[in-house]
Amino acid sequence: MPNSGTNYLSYTGRFGGTSHSCPVVAGVAALMLSVNSTLDYMDVFNILTSTADEVGGYTYTNGRCNEMGYGRVNAFSAVCEALPESYITGPSTVCTSNSTFTLHNRPPGSSVSWSKSRFYLVYVSGQGTDQYTVHASSNDVKSSGFVKATISGPCGNIITQKNIWIGRPGLPVTTPDGD
């Protein structure tokens, strides 16, 4: 950092290293906790360090280097990683009766677009809302599938998905003697 001259004691000349990174990382941690308040301090640390960008052309060992630590914080990746798996709740198995999936904690001012497995699921209602309803196309279906929500906001898209079983569960058949 300069000790004199044009940038001496200026915001750009003296604001680097931990003076800059600490408030940035704290802000990203706050964003992570805003989408998932169940994270503890180690969860936040692990997400921040595992989603950081390796920059500077340095050698990183196990995701860390002596010059840059874990690298540059990546807010988008960290917040996406912090999203709880239960962002979409609903049944694990979808049969021919209607099944509704609910999107939780959608950021204010964002919009949602739903999609589903291409095969065996029939759309019923809810496109653009926090509740999306589908049903299986037949009682004879036995397949894995998904329901997905794409949340669009001013900073980009967040995609969250719930994996489901479509149709009647395939149960093993056993005879009385165990075969």
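The values are calculated or read from the model by the stated rules, or taken from the named source; none is laboratory data. Please read these numbers as outputs of a predicted model, since none were measured by experiment. Note that we place each Cβ from the backbone using ideal geometry, even for glycine, and neighbour counts take in every protein chain shown. Each accessible area value is taken on the protein alone, full model and side chains, heavy atoms only, with ligands, DNA and RNA left out. Shrake-Rupley method; radii C 1.70, N 1.55, O 1.52, S 1.80 Å.
A few comments on the model shown:
- Yes/no for Ser34 being surrounded by fewer than 17 Cβ atoms within 10 Å (Cβ to Cβ), within 13 Å of the chain's Cα centre (by Cα) and without any contact (Cβ under 8 Å) to a residue 12 or more places away in the chain: yes
- Long-range neighbours under 6 Å by Cβ, at least six apart or interchain, first residue on the phi > 0 side of the Ramachandran plot within the stretch 150-169, second loosely packed, with under 15 Cβ neighbours inside 10 Å: Gly167/Lys142
- Selection from the stretch 129-143 of residues that are open to solvent by less than 90 Å² (accessible area, probe 1.4 Å) and under 14 Å from Thr100 (Cα atoms): Thr129, Asp130, Tyr132, Thr133, Val134, His135, Ala136
- Pairs, first on the phi < 0 side of the Ramachandran plot in the stretch 88-108, second open to solvent by 40 Å² or more (accessible area, probe 1.4 Å) and of a type in the set (A, V, I, L, M, F, W, C), C-beta under 8 Å, six or more apart: Ser92/Trp165; Thr93/Trp165; Val94/Trp165; Asn98/Val124
- Extreme residue, farthest from Asn157 (Cα to Cα), among residues of the stretch 41-56 that are part of a loop (DSSP other than H, G, I, E, B) and open to solvent by less than 80 Å² (accessible area, probe 1.4 Å): Gly56
- Residues satisfying the stated conditions in the stretch 105-122, i.e. open to solvent by 70 Å² or more (accessible area, probe 1.4 Å) and in contact with a Phe, Trp or Tyr (Cβ under 8 Å, 6 or more places away or on another chain): Asn105
- In the stretch 38-58, the residues that are at positive phi form Cβ pairs under 7 Å with partners that are open to solvent by 60 Å² or more (accessible area, probe 1.4 Å) and in a loop (DSSP other than H, G, I, E, B), at six or more places apart or across chains, as follows: Gly56/Glu67; Gly56/Met68.
- Residue count for the stretch 85-101, restricted to those that are touching a strand residue (DSSP E or B) at 6+ places or on another chain (Cβ under 7 Å) and open to solvent by 30 Å² or more (accessible area, probe 1.4 Å): 10
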